[in-house]
Each structure stands twice: as structure tokens, then as C-alpha cells.
Amino acid sequence: MKKELTRQQYLDLYYYMRLNRAVEDMMVKLFRQNKIVGGLYSSLGQEAISVGTAYALEKKDWLAPMIRNIGALLVKGVRPRDVFMQHMAKYDSPTKGKDGTSHFGDLDDLHIVSPISMLGDLIPVMTGVAMAGRYLGQKIVTMTWIGDGGSSTGVFHEGLNFAAAQKAPFVLILENNLWAYSTPVRKQVPLQNLADRAKAYGIDSYIVDGNDVVAVYSTAKEAVERARAGEGPILIEAKTFRRQGHAQHDAAEYVPKEMRAYWEARDPIELYEKFLASEKLLDAKGKKEIEEKINTRLAAEREFAENSPMPPAEFAETGVYCTGDDCHKIRAKWERPIAEVTPPRSSVKAVWTVPGFGSGKGSGGANAPIHFGDTQPAEPSAGDETKSPNGRKPAAKIAAKAAPKKSVKAAAASASRKARR
Amino acid sequence: MAKTNGAGTNGSASNGAPITFLEAIKQAMFEEMERDPAVVLIGEDVGVYGGAFKTSEGLLERFGWERVIDTPISESAIIGAACGMSYCGLRPICEMQFIDFIVCAFNQITNFVAKGHYLWNAPAPMVIRGPSGGGVHGGPFHSANPEMYFVHTPGLKVIYPSTPYDAKGLLKAAVRDNNPVLFFEHKFLYRRIKGEVPAGDYTVPIGKAVVRRAGKHLTILSYAAMMHTSLEAAEALAQEGIEAEVIDLRTLLPLDEETILNSVKKTNKCLVVHEDTKTGGIAGEIAAILCEKAFGDLDGPLLRVTSLDTPVPYAPTLEEHFLPNAKKIFSAAQELARY
């Protein structure tokens, strides 16, 4: 770790890592008290990644967490009570009990997109947010995370390739914690460095020690600013280790003891405390103050969460559809002149297009050939003098006009088939 | 038949020249993009080439590279990116080059896009549209009618129009809707069907069926290309003294139960015609609705005329056997009328 941040930034990183761990420790207690309705997924030992990457974003930027990115949510401004209530399925939670864990978002204020359990889907979604932000002139960067396991999904590749082709201002954090449930990374991907995946899309990548929060932050900051400057998407592989099982139910006995011991000796918070002490950024008193601040805050947050009711049963029936302006007023936030994207100025050439493409001949008019099957024009009707293209005969009359005069059998047998010819 | 009075029995005045179904789609997109800079088009070959079926021809020239976005062959990326755009207040229209390929993005649509509003209050105002249906010898991977995969997904709306008037009006309504809307365009109709559309701006309400032909002896429910085939059969039935009421469902999700029930309570008999395969088709759902809400009104069983429960075969002889036609509808209606 090298010293390059302000004192406040160093202390912020420490605070959020401690908060991240304290929130999750509290949830383990709640889980053991049967107060958590579903599964509980731990980011123990991975806090430096969630915190360091999200801390590199500005308020206007967008992120979409994965299940182990509680720390990123806290940095972005989510209250611990919301995390508790999500897990406890409470009515005051962001999804009001309709979903759990980190599966919630906030489009308007915090700019968080909710994840789903199907890994990789967020990559094209956050690419789309990045494209929309660029289109609207907002100069935002978007960020999401993927695991070593999730990097093998099809949509990971579709999404990252599309982001690259579009030069979208998007940063993807590949959190390599060495395990996808019980399957080690070597059994999933025959690559030493998952960052190598970036080469396939012609984008830049970084590899960073995921247990070194300052390194994570500095790398993410550089990537975010490069993406914001229009250099296109960037992939960061953060190397770390999943200290707990896939979720609380999993004792993870498939993990070799030596591997666990190696990583437990590299706890990101302990490493950072040593650094802060050696740089005289934090003494015992300061540390105690932070601990007390967190404990006091979380006690109140937990109390609020525990006192929140379960949602009423009938609430399950509501909210499948947006009912219109009374439900959501959907308005794009333009930060560039709309005239730039409306005719006649909208034909301005975009920077990420391919040179030469589009200068040739495009489509060939109303009667241009179409993919197959139907190159017949419609029958010209009165007052419509459309000529048949390419000397083809006009389409046979279809259906009703031809049918009634013939005998029923003949008409029924021939009419529609004739039209299909 | 090449000219359809698109206004149907809506009573709307038509004063424009007749246009093709394809032109109606194009006009709807053009006018919506003209009206609202938040509307963008994203899909494979939609830009310079104007789309495999020329539905986006001229849009790139008019609206530029930022709003008409050519993509890699990555349906999940198209849908995902459009969803992300919609979260920022844009109203993207995604084109599936053939609707068959929509299933490549099945997860993205059914798990991500469809559930967002229910789960975390995130509306996704986006349209997913593309050419569907058979009858043009496209073979098993270019002829699909996959509407029911999505009718089974709460959070989506599913539209399948049959006339240029409806195609234009419903596509405009879809773009303005705050929910993800799937919009199926039967490619058999693209250039075979013409109809008048109003000169000015108009929309057709999503979720409303329309009576295309009034009748008293039985109700035929259909949509898309089979709506025309059903009308053809109805004309033939009229020669036999059987007056069928033909209803164009237009929207499959949400289904217009009121129009269906009103008609069946009058005719007491119901035949459902769809080009989708039989098992799990909308006819089964309608049968269940009638059992629940109009059982006492039925004088006969609900009958179905649908495609076979097979993939769509390629050879014309096979495909014609596979598809419903006016003769099959006529026979089923005659059988039903005897009750």
C-alpha cells in the first residue's frame, strides 16, 4: 500500500470496511436467531473489493451489486436497516418483502440497479445504463461485479462484447474468490488470470490484490476515470478468497486447509489497520471511536428492522404492472441539448461508430427485398398505384374476397393456401 | 382482402391512403421517434440496412447513430441494454430480427425485465418487437409463434395485431406504455395486407379485443394472420347459414375477457383459432376462463383449430398441413354449430 489519498479518504475506506463486516456479523446473529427468512451470503474477507471499488464512483454514477457486495451498497448510501430488513423480509424494506438480500435498487436517488440471481445479466443492463447516460449527456460511469463463476455465463460475454463494441463507460469488477459454490476456479476456467478475458473484447484490464483496499480503490479510480473519459469499458480482476461457504448452510469443507489458512492470514481489515497504524492515520483511540460509532448506529438500525412488520398477505397481489403516470412519471434527465439528437441535427456522427460503415448504400426503398418468404407486394387497391417490384406478379387475393362466391368446400380449401403461395 | 378496413368496428375515421402492415410498423416507429427523443431503436441490422424486413428503413438517416443502434448477434445484450436504458428514462424499441431468436434472451426478459416493477418498483418502458409466424416457408427457426412463453410471464404485455391500423396504433401505445411490451408482427401480413390509417397521431388501447364480424351462431376468437383466415371461413360459413362472430383478440396479455364473455354469452359457442401450437396455446386459457365464468352459457364444447403440436416444418406440403386453414376452421365451426 502506498500513501496517496487524503486522510479522510483513508478513514472512509476503513469505516466502510468495518461497517460492512459489522453489518454482516449482525446478520449472522440474526440468522442464528431464525430472524432471516432465506439464505445469508457472506463477503467475509472480500470487504476491500466492495468498498474500494464503489468508493471510486461519484454520486451520479450507477452501480449494480451482486449478492456479496453489501459493502458497495453501504458506500453508495444504503442504510444498514434496509439491508437487515431485506434479509428479514420486512414491509419497510426497499422491496417491501417481495425480494431479499441485496436484491433491491433505487433508480432516482442512489442510482442502484437491483441484481437477480441469474449471474451476468447485469452486464448488458449496466452497459445499457452507460449508453443511456452518454446519450443523455450525463457523463456517468456504471459499475457492476461478477464472480469467477459468473464469468462463464453466456451473457457475461454478450454483455462485455457489446459494451466494448459500444465503447460504453462501464467498469466491470471480476471478483475472483476462487470458488463458485463448491467448484474451484481451476475447474471452471483454464486461465491463470481471468483478466485475460478482456483481451477477447479488445478492452483494457487490471489485476489487483483484492485484499488491499488502497490498491483496489486506486485501480478502480483510474478505471472509472478512463471510462468516463471515453476510453470504453474496463475489466478489473480482484483476486481474493471466499472465507465462508456459498451461504450459511455450507460449511465449505471442500476448501483445502492450507488455502484457507493462507487467506485468513491476509484479512483485508487487519492488513489495512497495520497500514493505517504505520502511517499514523489511525491510533487505538481513533479505532475505538469508529467501533463505537458503528455499534451505536447498528443497534438503532437493527431495532428499527426488528420492529418493522411483515408485509400484509394481500400485498402479494400488487405491483406487477406500472399503471401509468400516477405510478411512475418516467422522464429522461437530459444534460445535453435535445436538438443534438432530434432531426435535423441527429444525423451527427457518433464517436464509436466504425469508419466507413454507413457511407455505402443502405436499404432500397419501400419494395426492397426482405429476408425471405414475402417479397410480394400487396394487391394495389383503388387509388393506390403501387407498382409490383422486380416484375413480380401482385399477390394473389387472400381470403374473404375470393371465398364467398364459390362453393364452401372449394373456397375453404383453396383460398388461404392460394394466398400463401 | 388485401385491403383491410383497419378501423374495424372501432368507428374511427380513416382518411389516409391504404398502407401495408410493414409500412404501418415503420410509420409507428418513425412517428414515435420524431415525437419523443427518449425513443431509440436497438437491434441487429436495424441501421444502415434498415432491418431484415425493412421495417426501420430510413430511421438511421433521420435519427442518427445514437438512436438507431446496430448490435452484435447478442439477443441477451440487446434486451439487457434496452432494459438499462429504460431505467434512465429512455423508451427503447428492441428488434428481434426474427422473433424466433427472442428465446435466446428468455432469461433476460422473463427474470430481469418482467419482474423489476413487482420486486423493486422499477418500471421498464421498453418494446420488444419482431417478425413472427409461418406460412412463408421459413422453416423451423424462422416461423415461430412464441407468444405463450411470455403470456405466462406476469409483468409483460403481449400484443399480436392483424391489421395495419392496429399495428400502428398498438405499437405507438406500446412505446408509450410504462411496462415491457412484446409486440409480434406476423410476417405473412407484412406486404399482403393493406389498410387505411388516420393521417394524424392515434393509438389503439392495449388489452382491448375488437369484433371484426358480427354473428349470432358462434364466436370465433383469433388473432394475427389467423384472424384473416377466420374471417374467410366465416364468409364461407355464412353461405351455409351459419353466422359466426369473429373477434380479433389483438392483445393476449392482458386478455380482454369482457369482450370474449359478452360474445360467448350471446352465441353460446366458442371456437378458438390460433397459429401457435395446440398444447399450452391461448385457446386452453380461454377454455378455462369460459369454464369459470360462462359455464352455464355454453351450448357446446370449446373447440380449437391450431397448428399441430410439432416444430414448424419446412416443405410447403408439410407446413400447409401443419397450419390451420379456412377449411379446418369451417369444419370445426360446422361441428360446433350442430350442438
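Some observations on this one:
- Considering residues of segment A:101-138 that are more than 7 Å from chain B (Cβ to nearest Cβ) and among the small types (G, A, S) only, the residue farthest from A:R68 (Cα to Cα): A:G137
- Flag if A:V51 is β-branched (V, I, T), in contact with a Pro (Cβ under 8 Å, 6 or more places away or on another chain) and either closer than 16 Å to A:K287 by Cβ or surrounded by 16 or more Cβ atoms within 10 Å (Cβ to Cβ) (or both): no
- A:E58 vs. criteria surrounded by fewer than 19 Cβ atoms within 10 Å (Cβ to Cβ), over 16 Å from A:I290 (Cβ atoms), modelled with pLDDT of 95 or more and not polar (S, T, N, Q): yes
- Checked against the criteria, A:D204 does not count as without any contact (Cβ under 8 Å) to a residue 24 or more places away in the chain and surrounded by fewer than 22 Cβ atoms within 10 Å (Cβ to Cβ).
- Pairs with Cβ under 8 Å, 6+ apart, first in segment A:303-329 and over 27 Å from B:G89 (Cβ atoms), second part of a loop (DSSP other than H, G, I, E, B) and polar (S, T, N, Q): A:S308/A:S93
- Spans of helices (runs of 4 or more DSSP H) in segment B:17-115 with at least 3 residues within 21 Å of B:G133 (Cα to Cα): B:21-35
- Selection from segment B:60-89 of residues that are more than 7 Å from chain A (Cβ to nearest Cβ) and either surrounded by fewer than 22 Cβ atoms within 10 Å (Cβ to Cβ) or in contact with a Lys or Arg (Cβ under 8 Å, 6 or more places away or on another chain) (or both): B:D70, B:I73
- Consider segment A:154-182 and keep the residues that are polar (S, T, N, Q) and surrounded by 17 or more Cβ atoms within 10 Å (Cβ to Cβ). The one that is nearest to B:S74 (Cα to Cα) is A:N161.
- Remark: B:T163 falls outside the filter, which requires a residue to be surrounded by fewer than 23 Cβ atoms within 10 Å (Cβ to Cβ), more than 19 Å from A:I123 (Cα to Cα), more than 9 Å from chain A (Cβ to nearest Cβ) and β-branched (V, I, T).
- Just one of (1) without any contact (Cβ under 8 Å) to a residue 60 or more places away in the chain; (2) of a type outside the set (D, E); (3) buried (at least 24 other Cβ atoms within 10 Å of the Cβ) fails for A:V185. It is (3).
- Restricting A:K35, A:K76 to those that are in contact with an Asp or Glu (Cβ under 8 Å, 6 or more places away or on another chain), in the same structural domain as A:R302 (by TED's automatic domain parsing) and surrounded by fewer than 24 Cβ atoms within 10 Å (Cβ to Cβ) reduces the list to A:K35.
- Conditions (1) surrounded by fewer than 19 Cβ atoms within 10 Å (Cβ to Cβ); (2) more than 13 Å from every other protein chain (Cβ to nearest Cβ); (3) more than 21 Å from B:T229 (Cβ to Cβ); number of the one not met by B:L290: (1)
- Residues in segment A:309-324 that are within 13 Å of chain B (Cβ to nearest Cβ) and surrounded by 10 or more Cβ atoms within 10 Å (Cβ to Cβ): A:P311, A:F315, A:A316, A:T318, A:G319, A:V320, A:Y321, A:C322, A:T323, A:G324.
- Residue list for segment B:90-101, filter: buried (at least 24 other Cβ atoms within 10 Å of the Cβ) and either in contact with a helix residue (DSSP H, G or I) (Cβ under 7 Å, 6 or more places away or on another chain) or facing chain A (nearest Cβ under 9 Å) (or both): B:L90, B:R91, B:P92, B:I93, B:C94, B:M96
- Screening A:V28, A:V37 for residues that are in contact (Cβ under 8 Å) with a residue 12 or more places away in the chain, over 16 Å from A:A220 (Cα atoms) and either among the hydroxyl-bearing types (S, T, Y) or in a loop (DSSP other than H, G, I, E, B) (or both) leaves exactly one candidate, A:V37.
- Filtered residues of segment B:122-160 (kept if over 12 Å from the mean Cα position of the chain (by Cα), at the interface with chain A (Cβ under 10 Å from one of its Cβ atoms) and within 26 Å of B:P316 (Cβ to Cβ)): B:G134, B:G135, B:V136, B:H137, B:G138, B:G139, B:H142, B:S143
- Among residues of segment A:215-246, those that are in contact with a helix residue (DSSP H, G or I) (Cβ under 7 Å, 6 or more places away or on another chain) and among the hydrophobic types (A, V, I, L, M, F, W, C), counted: 7
- For segment B:301-326, a residue qualifies if it is without any contact (Cβ under 8 Å) to a residue 60 or more places away in the chain, touching a helix residue (DSSP H, G or I) at 6+ places or on another chain (Cβ under 8 Å) and not hydrophobic (A, V, I, L, M, F, W, C), and the qualifying residues are B:P301, B:R304, B:T306, B:T310, B:E320.
Yes/no matrix, rows are residues, columns are (1) touching a residue at least 60 places away in the same chain (Cβ under 8 Å); (2) assigned by TED's automatic domain parsing to the domain that holds B:E75; (3) crowded, with 24+ Cβ neighbours inside 10 Å; (4) closer than 22 Å to B:F21 by Cα:
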residue: B:T110; (1), (2), (3), (4): no, yes, no, no
residue: B:V113; (1), (2), (3), (4): yes, yes, yes, no
residue: B:G134; (1), (2), (3), (4): yes, yes, yes, yes
residue: B:E147; (1), (2), (3), (4): yes, yes, yes, yes
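- Residues of segment B:248-262 that are surrounded by fewer than 23 Cβ atoms within 10 Å (Cβ to Cβ) and either on the phi > 0 side of the Ramachandran plot or not aliphatic (A, V, I, L, M) (or both): B:P254, B:D256, B:E257, B:E258, B:T259, B:N262.
- Selection of segment A:141-159 for residues being touching a Lys or Arg at 6+ places or on another chain (Cβ under 9 Å) and within 9 Å of chain B (Cβ to nearest Cβ) yields only A:H157.
- Residue in segment B:242-249 that is without any contact (Cβ under 8 Å) to a residue 24 or more places away in the chain and either more than 23 Å from B:E147 (Cα to Cα) or in a helix (DSSP H, G or I) (or both) present: no
- If the condition is being out of contact with any helix residue (DSSP H, G or I) (no Cβ under 8 Å at 6 or more places or on another chain) and in contact (Cβ under 8 Å) with a residue 24 or more places away in the chain, then segment B:256-271 contributes B:D256, B:T259, B:S263, B:K266, B:T267.
So that you can scan it fast, the table gives a plain yes or no per residue for (1) within 13 Å of another protein chain (Cβ to nearest Cβ); (2) β-branched (V, I, T); (3) within 30 Å of B:Q108 (Cα to Cα); (4) touching a Lys or Arg at 6+ places or on another chain (Cβ under 6 Å):
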| site | (1), (2), (3), (4) |
| --- | --- |
| B:F188 | yes, no, yes, no |
| B:K194 | yes, no, no, yes |
| B:P198 | no, no, no, no |
| B:Y202 | no, no, no, no |
| B:V211 | no, yes, no, no |
| B:A214 | no, no, no, no |
| B:L237 | yes, no, no, no |
| B:L253 | yes, no, yes, yes |
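- Looking across segment A:96-113, the residues that are under 27 Å from A:T296 (Cβ atoms) and either aliphatic (A, V, I, L, M) or in contact with a Leu (Cβ under 6 Å, 6 or more places away or on another chain) (or both) come down to A:L110, A:I112.
The values are calculated or read from the model by the stated rules, or taken from the named source; none is laboratory data. Remember, it's a predicted structure, so these values are computed and weren't measured experimentally. In this analysis, Cβ positions are derived from the backbone assuming ideal geometry, glycine residues included, and neighbour counts consider all displayed protein chains.
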